[in-house]
Amino acid sequence: MVASSPFGSSIKRREDPRLITGAGHYTDDVRLPGMLSMAILRSPHAHARIVNIDTSAAKAMPGVVAIYTGADLVDLVAPVPCAWQPKNSDIKVPEYRPLAVDTVRYVGDGVAAVVAENRYMAEDAAAAINVQYDTLPVVVHQLDAMKDGAPQLYDSVPNNVAFHFHLEGGDVDAAFQKADLTFKQRLVNQRLIPNAMETRGAVASYQRGSNELTLWCTTQNPHIVRFLMSLCTNIPETQIRVLSQDIGGGFGSKIAMQAGEMIASVISKDLLRPIKWMEDRSENYVSTTHGRDHVDDVEVAAMKDGRVVGLKVTAYANMGAYLSTAAPGVPTWLFTVTQSGAYDIPNVASDVYGVLTNTTATDAYRGAGRPEATYLIERVMDLVAKKLNLDPTEVRRKNFIPSDAFPYSIASGAIAYDSGDYDKTLDRALEMIDYAALRKEQEQARAEGRLFGVGFSTYIEVCGLAPSAAAGAMGFGGGLYESAVVRVHPTGKVTVLTGINPQGQGEGTTFAQLLNGELGVPVEDIEIVWGDTDRIPMGWGTYGSRSTAVGGSALVFAARKVRDKMMKIGAHLLEVSPEEVVFDQGSVHVKGAPDQVKSFGEIALAAYTAWNMPEGVTPGLDESYFFDPVSNTFPFGAHVCVVEIDKDSGKADVRRYVAVDDVGNVINPMIVDGQIHGGIAQGLAQAVLETAVYDDNGQLLSGTMMDYAIPKASSFPNYELDRTVTPCPFNPMGLKGVGEAGTIASTPAIMNAIVDALSPLGVEHFDMPASPQRIWQLVHEQKGN
């Protein structure tokens with residue numbers, strides 16, 4: 001047997017032919033006999049008491065089967081759960097019902113669910129429901145919500161502050177007293193709306209005879225949905241099956257438990273008919289979670305040579321109208337532990353306030369806390385360089401954690417970075433960009449009156465979210481291990497069952513490559529299965545760039561158990577001891593005698609016929625493994641962006657973009673490049689285009705794709721990519737993770753370049769998004785002065 005497509009090969013994704021030819025099977029493709037459609041009537045007001053709901057006209061419409069209000073569901077389903085509640089943060093989790101019972105708190109809050117024979121009938125009937133509201137005062141900005149006298153969303157959450165989180169290390173006050181330079185800067189990380197190709201949705205089918213619920217849904221973590229659904233509906237977890245296989249993107253917006261899937265499930269149980277619910281795009285914009293929305297006040301202490309010796313960060317995170325499933329963990333742990341970035345900053349203090357407002361809830365969005373932290377520290381490095389008249393690369397080098405300092409504990413001691421060589425990635429990026437020539441080109445451009453800028457981001461991120469003990473200490477209501485089963489069939493074909501749940505990351509290919517590397521089985525003979533809680537063991541899903549670092553490690557260790565068993569069986573068939581054989585490219589042969597060999601297929605068949613087994617070895621080749629890593633992984637890199645701003649239009653044109661990333665060892669370089677490409681695109685979009693805008697009445701002004709600017713292919717330059725390799729010591733593959741790196745790195749690189757371009761106009765900072773309109777206004781205001 002010849003092994004094909006080993007670890008490190010850029011083979012094409014095996015998933016793609018099926019998906020691009022229309023053979024994918026998404027939640028909306030599920031069709032069941034007797035299935036009904038559900039539409040949710042959503043509040044047009046950001047804050048109001050529900051005085052009366054008149055459903056009489058809607059119930060009389062053709063095809064309408066039932067209508068449910070919040071009051072109807074109180075005894076059927078529990079409130080939407082919040083599963084990450086950071087300890088020692090005085091957290092207050094207000095009750096949030098899947099359908100509002102007496103008060104709506106954001107535009108899009110569910111008020112009633114209509115079930116009809118088809119979606120059109122359900123939508124028409126929902127529009128016919130007459131709801132009488134008594135409107136209440138509204139607050140949409142977190143700083144306003146904290147003020148005395150501000151509208152209160154819940155009596156149980158004074159001043160709308162749901163939590164206050166503090167993390168500190170070193171002697172911050174002493175650092176500020178001794179510093180040569182101190183300054184303050186406010187940074188705004190605007191609210192974003194995830195735009196996965198597929199919106200949220202669910203199909204729920206309850207069987208009364210067996211008390212079993214089958215739920216197809218668009219989730220990144222099926223087992224978490226099963227667990228939470230059991231808690232919310234009192235259906236035993238053993239009698240709930242969750243399926244989530246083809247998913248049209250997620251970006252974090254499909255992590256949270258959604259009200260819609262809860263409502264569909266309990267209505268299916270009540271009516272004893274399958275129920276389908278799928279958002280349309282406008283509904284998705286107001287009801288599925290948003291991302292980011294930070295106001296961060298940072299104070300910096302630095303020395304004359306550019307060393308940053310202290311940071312104080314006060315962050316105000318807009319949580320929206322309720323605390324979503326993982327939401328409190330994003331601006332607390334995920335944000336604070338990466339605030340010092342790639343830099344050896346010995347004194348850091350962080351305070352985070354989670355604030356409730358009359359807006360859609362926020363939760364994880366690609367990077368989740370890490371982009372906010374990286375933007376903060378990378379802007380700080382450029383501000384220090386500007387104020388001390390130093391080159392931004394010099395300041396970064398002055399502060400880099402030395403390559404011989406790993407594992408490196410951050411100031412608070414909360415986490416330790418695994419490995420790194422930050423100078424190496426910066427050196428390569430400067431070489432690729434030809435930095436000296438680039439600065440000369442900038443001088444010439446400025447002499448001609450052109451706005452030409454260069455921006456850097458030498459980022460790190462924390463990936464492979466784990467271990468379970470740390471998750472528990474951080475208040476996460478679950479584990480962060482991962483599971484895998486490697487099942488060799490009698491014919492030599494192999495099935496892998498994995499607890500991860502990809503939404504386009506390519507594990508159907510890379511996991512097959514991992515197994516090929518361990519067992520020598522051709523990639524085409526390997527089936528990767530995920531997204532079915534009845535088939536796979538407990539797993540925690542795909543987010544935080546954890547799939548391969550954690551799930552892939554479980555696969556590797558399960559495969560090694562299979563390999564060890566195959567060596568025992570092969571040795572027995574060859575009539576030698578296990579110590580006398582080697583496993584080589586899927587076959588077992590006697591050491592020094594490769595012609596005395598048993599093939600993979602021969603051993604697999606022998607394991608299942610069990611006619612001639614070694615003593616103490618059981619039949620079959622089916623092994624499982626649960627991997628709980630000892631620590632996280634920490635990818636890093638250096639991104640360089642070159643922009644030129646058109647004074648007449650305000651548009652910032654990205655002329656070059658160089659990215660040198662270190663994600664440890666690489667399974668499939670082409671897939672890694674694709675992840676970097678997509679990540680940079682999302683980061684660039686935040687920097688110059690995207691922003692979710694509410695008016696003072698809590699109406700989402702950017703509620704459609706006509707108003708919310710997402711990038712087009714023409715928005716991006718050709719990316720110039722390269723890599724260094726610094727293996728991670730905490731998993732068997734030595735890899736770190738790549739799914740969010742591009743997003744985390746690119747936003748500050750682009751913004752630093754734009755600020756650099758505007759610096760001849762006296763600009764030291766410019767908040768996102770750096771849209772053409774906002775830049776044009778600034779340029780022309782400066783001309784007026």
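The values are calculated or read from the model by the stated rules, or taken from the named source; none is laboratory data. Just so it is clear, the structure is predicted and the values come from calculations on it, not from any experiment. Glycine gets a Cβ as well: all are built from the backbone with ideal geometry, and neighbour counts include every protein chain shown. Quick note on the areas: whole protein, heavy atoms, side chains included, nothing else; ligands and nucleic acids left out. Shrake-Rupley method; radii C 1.70, N 1.55, O 1.52, S 1.80 Å.
Between D280 and E527, the FRET efficiency from the beta-carbon distance, with R0 = 60 Å, is close to 0.95.
Fully extending the segment from R18 to H166, taken as 0.36 nm per residue of separation minus the present Cα-Cα distance, adds 48.5 nm. Using a cut-off of under 18 Å, list every residue of segment 181-197 whose amide N is near the label point 7 Å from the Cα of D305 along the Cα-to-beta-carbon line. Once the point is set 7 Å along Cα→Cβ of D305, 181-182 turn out to lie under 18 Å by backbone N, inside segment 181-197. In the chain, the DSSP-assigned H stretches of four residues or longer account for a calculated mean residue ellipticity at 222 nm of -8500 deg cm²/dmol, using -39500 (n - 2.57) per stretch and the full residue count as denominator.
Here, segment 374-481 yields an orientationally averaged convex hull projection of 9.3 nm² when only Cα atoms define the hull. Quick note on segment 75-142: its Rg to Rh ratio, both from C-alpha atoms and Rh being the Kirkwood radius, is 1.06. Going 7 Å from the Cα of D648 in the Cα-to-Cβ direction, what parts of segment 441-465 have a backbone nitrogen less than 12 Å from that spot? Once the point is set 7 Å along Cα→Cβ of D648, nothing inside segment 441-465 turns out to lie under 12 Å by backbone N. With contacts taken as Cα pairs under 8 Å at a separation of at least 6 residues, segment 2-148 carries a relative contact order of 38 percent.
The longest stretch of the chain left intact once loop-based GluC sites (Glu not before Pro) with at most 12 other Cβ atoms within 10 Å are removed from consideration, loops following DSSP, is 96-447. Taking K276 as the anchor, which lysines have their alpha carbon closer than 30 Å to its alpha carbon, excluding any fewer than eight residues away along the same chain? The qualifying lysines are K59, K254. The trypsin sites (Lys or Arg not before Pro) of segment 690-762 that DSSP puts in a loop, and whose beta carbon has at most 14 other beta carbons within 10 Å, are K712.
Averaging 1/r over every pair of different alpha carbons in segment 207-307 and inverting the result gives a Kirkwood radius of 16.2 Å.
Segment L32..D434, full-extension length gain: 138.7 nm, with 0.36 nm per residue of separation and the alpha-carbon distance subtracted. At a 1.4 Å probe, what is the % contribution of carbon and sulfur to the accessible area of the chain? Percent of accessible area from carbon and sulfur atoms in the chain: 50. Each Cα pair under 8 Å and six or more residues apart adds its sequence gap; the mean of these over the residue count of the chain is a relative contact order of 16 percent. Remark: the A447-S10 segment gains 152.8 nm on full extension, using 0.36 nm per residue and subtracting the alpha carbon distance. Note on the chain: antiparallel DSSP beta bridges, both residues inside, total approximately 80 percent of the bridges counted. Does the chain classify as rounded, prolate or oblate by the C-alpha gyration tensor (a ≥ b ≥ c root eigenvalues; a/c under 1.5 gives rounded; else a/b over b/c gives prolate, otherwise oblate)? Judged from the Cα gyration tensor, the chain comes out oblate (a/c at least 1.5, b/c at or above a/b). The residues neighbouring D173, those whose beta-carbon lies less than 12 Å from its own, together hold a net charge of -1 under the Lys/Arg +1, Asp/Glu -1 convention. Counting only protein heavy atoms and a 1.4 Å probe, the chain has 36 square angstrom of accessible area per residue. Taking label positions 7 Å along the Cα-Cβ direction at both Q185 and H25, the computed distance is 5.2 nm, reported to one decimal. In terms of the mean number of neighbouring beta-carbon atoms within 10 Å, the peptides 466-476, 53-63, 308-318 order highest first as 308-318, 466-476, 53-63.
Computed over segment 620-683, relative contact order equals 26 percent, with contacts defined as Cα pairs under 8 Å that lie 6+ residues apart. Of all DSSP-defined beta bridges confined to segment 107-260, some 60% are antiparallel rather than parallel. For segment 650-785, the fraction of C-alpha pairs farther apart than 22 angstrom is 49 percent. Take the Cα radius of gyration of segment 123-167 and divide it by 2.2 N^0.38 Å, N being the number of residues; the result is 1.73.
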